[in-house]
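Reviewing the structure listed below.
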Amino acid sequence: MSTDILRQLKKTLIFSGLSDDALAEVAQKATTRRLSKNDVLMKKGEVGDSLFLIHQGWVKIVTVDSKGDELIINKCGPGETIGEMALLDQGRRSATVIALEDAQVLELKNDVFEKILNQRPDVSLSIIRSYSDRLRFSTTYIERAIDWAQKIAEGDYSFVDQTQPTNQTASDDDKATQLLSAFFTMVNRVKEREDGLKQQLEKLSFEIDQARRKQEFEEITSTEFYAQLKEQAKALRQKRHQD
Amino acid sequence: MKGKIVSIHSFRGGTGKSNTTANLAALVAMAGKRVGVVDTDIQSPGIHVLFGLDENKMGKTMNDFLHGKATIREIGFSIGENTGGADGRAKLAGKDLWLFPSSIRGREISQILKEGIDFNLLNEGLQSTIKEFDLDYLFIDTHPGLNEETLLSIATSDILIIILRPDNQDLQGTSVTVDIARSLDVPNLVLMVNKALPKYDFVELRKEIASKFHAPVAGILPLSFDLADNASNDLFSLRFPDHDWSKALREVAQAILVIE
Ligand SMILES: Nc1ncnc2c1ncn2[C@@H]1O[C@H](COP(=O)(O)OP(=O)(O)OP(=O)(O)O)[C@@H](O)[C@H]1O
Ligand SMILES: [Mg+2]
């Protein structure tokens, strides 16, 4: 097993805390799979029971949009892992993965993995640790995201300038960072759209017909009634002023 | 000066005068002032509905007073002591707010229209209302347009609030009303826009209208279905204080309260 593969495995969430010798044992149990262009590695909705580490070549992660067209969500290449959670929970695959070219992936099956866990309590322990680290990390981000979402609802975008996502280049398997970055992209889009809308507000243009205005004023003020009222009002205001 | 007469007027009908008058009076009363509301819209009185005054329970009215058939004491209906069941009005309990209703009885209406109201009579009536109830403000809800009755209430007011909708017809009509108010030496002229479509830029609208008429715009109140839905028998601004319409109206109330 090349050290290259070991280094890549160590970057995954599950294996990040493993010692080198434990990692070597895990890697040993993995099998290599060759894919030709357009081979399907996994299908959306299938129960997943293995993790893949891409060794060579590129794959695309796709889903189908509401019109039935293929939608590429992401592309993955050498060193990246796919479906690591399936090792533990055997959930359904959330997307389909198809080879973009001839590729080589390392597959670690769930049953093989479980055997290792049974034999090596140290491996189990380190895996539990890395999960709890991640959980704590995610919770902090979720709390902050809730706080920000509330601010957005109130139309307060000030936090965007104060808190840029810290590290855009963080490893790709870092889902919390990805979420955060997506969140900020969304906020910026919403803000842009809102600013745009504000600019689209219409201006009321009106013109007063001054000739008509003058004519109507004269019609009202030229009456006997008005002349008398004006006198009375004037007297009244003077009287009130004196009081 | 104590005992200011505040007339609410608009060139055309249905601009929201009655709703504005009732809610403004309520907001000013909530601020601790002694407030009266007179309905001089003798042709189509309606403000009593907003204060929950049942027409059948209405005793003597402004019409009786103007004809010397009743004292002003008999006419004042205390809202603070009769808030009724509505949520908004309930907040007025114990406040100093009185309504002086106009008659809704057909015969009496036509009688007063035929005879016409005398300026001095109306004025003495308003002044004794202010004195008797020791009022800080007396709000007058008027009939739209520039007929003789409305000219009387414009002439007698210390503060005139002209309500307009942001459309060409209202703006044209308002220009004449503004000229009349100046010709009658009304000391304080304030504009208020109601039923403004949200598509307009309110800040621009305010600037534009203020500069066209050389008069302050105390508030721009949005067109609102909530208001159309809920306004008929309660005081909207007290019931929904956080609504944009209510917020904008509080600005207007504030503008009234700061006038010396
Ligand atoms: N900003 C608003 N948005 C929606 N509806 C409104 C608004 N202001 C008032 N209205 C509605 O418009 C109608 C007329 O209001 P109101 O009776 O207060 O006007 P008015 O000027 O006193 O009418 P009139 O000239 O007939 O006396 C009412 O049904 C009221 O609920
Ligand atoms: Mg009315």
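The values are calculated or read from the model by the stated rules, or taken from the named source; none is laboratory data. Since the model is a prediction, treat every value here as computed from it, not as a measurement. We place every Cβ from the backbone using ideal geometry, glycine too, and count neighbours over all the protein chains shown. Only protein heavy atoms, including side chains, enter the accessible area calculation; ligands, DNA and RNA are left aside. Shrake-Rupley method; radii C 1.70, N 1.55, O 1.52, S 1.80 Å.
Stretched out straight at 0.36 nm per residue, the stretch from residue B:260 to residue B:168 would grow longer than its current Cα-Cα span by 29.9 nm.
Computed from the C-beta positions of residue A:238 and residue A:179 and an R0 of 56 Å, the FRET efficiency is 0.15 to the nearest 0.05. Each Lys and Arg contributes +1 and each Asp and Glu -1, all at the Cβ; summed about the Cα centre of the range B:140-260, the dipole is approximately 280 debye.
A Förster distance of 30 Å, applied to the separation of the beta-carbon atoms of residue A:207 and residue B:226, puts the FRET efficiency at 0.40. Residues whose amide H comes within less than 5 Å of that of residue B:219, counting only those at least five positions distant or on another chain, are B:193 (H built at 1.01 Å from N in the peptide plane).
In debye, nearest 20, what is the charge dipole magnitude of the range B:4-257 about its Cα centre with +1 on Lys and Arg Cβ and -1 on Asp and Glu Cβ, if you could check? Around 220 debye, computed over the range B:4-257. Among the GluC sites (Glu not before Pro) in the range A:181-237, those placed in a DSSP loop whose Cβ has at most 14 other Cβ atoms within 10 Å are A:207. Pairwise Cα distances in the protein assembly as shown exceed 35 Å for 55 percent of all pairs.
Counting only other chain Cβ atoms within 10 Å of each residue's Cβ, the peptide A:229-240 averages 5.
Simple point charges give the picture: +1 on the Cβ of Lys and Arg, -1 on the Cβ of Asp and Glu, and for chain A a dipole about the Cα centre of about 260 debye. Helix A:121-153 and the long axis of chain A differ in direction by around 10°, with both axes built from C-alpha atoms.
Taking B:138, B:238, B:191 as the candidate residues, the one with maximal mean-square fluctuation in a Gaussian network model of chain B, Cα springs under 10 Å, is B:238. Placing a pseudo-label 7 Å from each Cα along the Cα-to-Cβ vector at residue A:92 and residue A:160 gives an inter-label distance of 3.6 nm. Remark: for residue pairs A:234/B:207; A:44/A:75; A:214/B:4, the C-alpha separation exceeds 20 Å in A:234/B:207; A:214/B:4.
In terms of accessible area, using a 1.4 Å probe and ignoring ligands and nucleic acids, B:9, B:243 rank largest first as B:243, B:9. The label point for residue A:143 and the one for residue A:228, both projected 7 Å from the Cα toward the Cβ, are 8.0 nm apart. Counted residue by residue at 0.36 nm each, then reduced by the alpha carbon distance between them, the extension gain from residue B:93 to residue B:71 reaches 5.4 nm.
At a probe radius of 1.4 angstrom, the accessible area of the protein assembly as shown per residue rounds to 50 square angstrom. Taking only the Cα atoms of the range B:1-104, the ratio Rg/Rh comes out at 0.94, with Rh defined as the Kirkwood radius. Model label sites at residue B:82 and residue A:119, defined 7 Å from Cα along the beta-carbon direction, differ in position by 9.4 nm. Farthest toward the positive end of the dipole of the range A:191-242, out of A:238, A:225, A:206, is the Cα of A:238, where the dipole comes from beta carbon charges about the Cα centre.
Out of residues 5 or more away from residue B:102 or on other chains, whose amide H comes under 5 Å of its own, with H placed 1.01 Å from N in the peptide plane? It is B:39, B:62, by chain and number. Taking the C-alpha atoms only, the angle from helix A:20-29 to the longest principal axis of chain A is near 80 degrees. The residues of the range B:190-238 occluded by other protein chains by 50 Å² or more of accessible area, set against the chain on its own, are B:199, B:200, B:208, B:212; surface from heavy atoms, 1.4 Å probe. The ellipsoid equivalent to the alpha-carbon distribution of the range B:4-257 has semi-axes of 27, 22, 16 angstrom, derived from the gyration tensor eigenvalues as √(5λ) and listed largest first. Accessible surface comparison of B:135, A:125, probe 1.4 Å, protein chains only, largest first: the order is A:125, B:135. Counting only whole DSSP H helices of chain B, the ones at least 15 Å long by C-alpha along their axis and with mean Kyte-Doolittle hydropathy no lower than -0.5 are B:17-30, B:119-133, B:168-183, B:202-213, B:244-257. Per-residue Karplus couplings for the range A:227-234, computed as 6.51 cos²θ - 1.76 cosθ + 1.60 with θ equal to phi - 60°, are listed in order as 4, 5, 4, 4, 4, 4, 5, 5 Hz, Gly and Pro entered as x.
For the range B:163-206, trypsin sites (Lys or Arg not before Pro) meeting the loop criterion (DSSP other than H, G, I, E, B) and having at most 11 other Cβ atoms within 10 Å: B:199.
Per-residue extension of 0.36 nm, minus the Cα-Cα distance of residue A:6 and residue A:136, leaves a gain of 44.2 nm for this segment.
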